[in-house]
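Notes to accompany the following structure.
What follows draws every value from the coordinates through simple rules; no lab data is involved. Just so you know, these numbers come straight off a predicted model, no measurement behind them. With ideal geometry, Cβ positions are generated from the backbone for all residues, glycine too; neighbour counts draw on all protein chains shown.
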Amino acid sequence: MTQTSSASAPRSTSRPLLQTLFAQRAQAVIPSPFGAEIPGAVPVVTSFTFGLADPRLFPKADLARATAEVLAEDGDNALNYGGTFAGLIDVVLQLMRDRGVEAQPENLLIGYGSGQILGLLPQVFVEPGDVVIVEGPTFMGAVSRFAAAGARLISIPVDGEGMVVDRLEEVLRDLARQGIRPRFVYTIPTFQNPKGCTLSGPRRQKLVQLAAEYGVVVVEDEAYYDLRFAGDPLPSLAALDREGWVLHVGTFSKIVVPGVRVGWACGHPEIIRRLEMFRSEGSLGPFLGRVVARYCGEGRLQSHIQLLTRRYREKCQVMLEAIAQYFPPEVKVEAPGGGFFVWCELPPSLSASTLLQATRALGVTFLPGTHCFADGQGEHALRLAFSYQPEERIVSGIQIIGEQLHRLIHSCASGAEQQGKELSKSMDP
């Protein structure tokens, strides 16, 4: 006789029935199409899609040394339960001082990457239907969480000087007339993702003034702050803030390695306390905190930042030179002042999705601009990440995109010419 286990496998549940169990905010989340396998597709050889760090720049030896030292000198405390390590708080306080902000421990929240902190914002600030103001384009990895919480998103355009703050003022004034107070403004003021631009000094001043005037929190996401290719840094919004309306968010992911997943928020103590209350994971693990703090000591962090800045500047220049060589002149290119990305705008007759379909078949991908807007714009734009690929792949990948751009533009022009001939023929007597 065949014996059966008392624990049977779960019965197959129809997908529509299973979805009825999800909260509305969970049902509203749409999975990203990137990362999914496309049956029969050509394997991607060169991806400019994601802002990945260059593994060749990872400080593996120094991190291994810091880990060994922590385990040898303080292993019992590092491997036990415990709160955030005071040494890491000191490191972050120094980083904030370097950014012009004199903060105290009560102004800080150390988290598992800036992504965790940005994910806490809608839990603390947003009820369904509340207004959240974002840039357009922007980093949708954060903004999609605001939308999933039920926020009504209003996009403010971004030009070569960052967010168009005059337009923000108009929106705030109009909302105030309706009795609506936005929950917060989300901005990436330095080397903006995806455009690479930096918010100008006068606009920074005005943004902080508007925050105080309308009583609106400004979330300043400074993931790329230290990756500056040229010039002197502008004051952070937090450094200009005198009334506690700016929440500054930073991360070690771009200046150490992404895998450490350590970030921080610096702001008014009441905001910090509220964010802390909603952090289900608890404080940052003491082992991780000690390793990062140890690595950052003795000048290693600043030395590594200098290396990263030099190498990413070189890779950015390689991409810009390849674009100048292979892209048609109809494509507008914005050279970034730092960060990981180059933003391109295509002619109105050409869509980024059509271009992506053509280049994907040849093993090259990028991020269409539609994935960078909260309001459906971006069909004629694309983001190219130069951070991950080696220089030779950057050149060959840009060449393939450029060849497809020339082909598609020529095809559009030929089609328009043929259409014009047919129209002219139809009008002949």
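Could you list ARG173, ARG274 in order of exposure, starting from the residue whose Cβ has the fewest other Cβ atoms within 10 Å?
ARG173, ARG274
What is the local net charge at GLN205, summed over the other residues whose Cβ is closer than 12 Å to its Cβ (Lys, Arg +1; Asp, Glu -1)?
Every neighbour counted, the sum reads +3.
Sort ARG273, ARG56 so the one with the fewest other Cβ atoms within 10 Å of its own Cβ comes first.
By the 10 Å Cβ count, ascending: ARG56, ARG273.
Once you have a ≥ b ≥ c as the square roots of the Cα gyration tensor eigenvalues for the chain, tell me rounded if a/c is under 1.5, and otherwise prolate or oblate according to whether a/b is larger than b/c.
rounded
Run the quick spin-label model on GLU298 and ALA23: label points 7 Å from Cα toward the beta carbon, then report their separation in nm to one decimal.
4.6 nm
In the structure shown, do any of LYS206/LYS315; LYS195/LYS254; LYS195/LYS315 have a Cα-Cα gap over 28 Å, and if so which?
LYS206/LYS315
Pick from GLN94, GLN24, GLN389 the residue whose mean-square fluctuation is largest in a GNM of the chain, springs joining Cα atoms under 10 Å.
Of GLN94, GLN24, GLN389, the Gaussian network model singles out GLN24 as fluctuating most.
Run through the DSSP bridge list for the chain and note the antiparallel percent, rounded to the nearest 5.
55 percent
Shape verdict for the stretch 132-226, please, from the Cα gyration tensor: rounded (a/c under 1.5), prolate (a/b greater than b/c) or oblate.
Oblate, since a/c reaches 1.5 and b/c is not below a/b.
Grab the eigenvalues of the alpha-carbon gyration tensor for the stretch 60-300, scale each by 5, take roots, and send me the semi-axes largest first in whole angstrom.
In descending order, the three semi-axes are 32, 20, 15 Å.
In degrees between 0 and 90, to the nearest 10, how far off the longest principal axis of the chain does helix 86-98 point, with axes built from Cα atoms?
It is inclined by approximately 50 degrees.
To the nearest 10 degrees, how steeply does helix 113-125 sit against the main Cα axis of the chain, on a 0 to 90 scale?
Taking Cα atoms only, the helix is inclined about 90 degrees.
May I ask you to order 341-347, 358-364 by the average number of other C-beta atoms within 10 Å around their residues, highest value first?
341-347, 358-364
Among residues other than LEU121 whose Cβ falls under 11 Å from its Cβ, what is the net charge (Lys/Arg +1, Asp/Glu -1)?
With Lys, Arg at +1 and Asp, Glu at -1, the neighbours total +2.
So what's the net charge close to LEU382: Lys and Arg +1, Asp and Glu -1, counting the other residues with Cβ under 13 Å from its Cβ?
+1
Springs between alpha-carbon pairs under 10 angstrom, Gaussian network model over the chain: which of LEU118, LEU237, LEU71 fluctuates most?
LEU71
Please list the equivalent ellipsoid semi-axes of the stretch 225-292, computed as the square roots of five times the alpha-carbon gyration tensor eigenvalues, in descending order and whole angstrom.
23, 21, 7
For a test of the definition: using alpha carbon positions, the gyration tensor, and the 1.5 limit on a/c, classify the stretch 72-135 as rounded, prolate or oblate.
Oblate is the answer for the stretch 72-135, as a/c is 1.5 or above yet b/c matches or exceeds a/b.
What is the fewest-to-most order of ILE180, ILE272, ILE117 by other Cβ atoms lying within 10 Å of their Cβ?
Starting with the residue having the fewest Cβ neighbours, the order is ILE180, ILE272, ILE117.
As an exercise, use a Förster radius of 35 Å and the Cβ-Cβ distance of LYS60 and GLU161 to find the FRET efficiency, rounded to the nearest 0.05.
0.35
Using a Gaussian network model on the chain with a 10 Å cutoff between Cα atoms, which of ARG167, ARG383, ARG294 fluctuates the most?
ARG167
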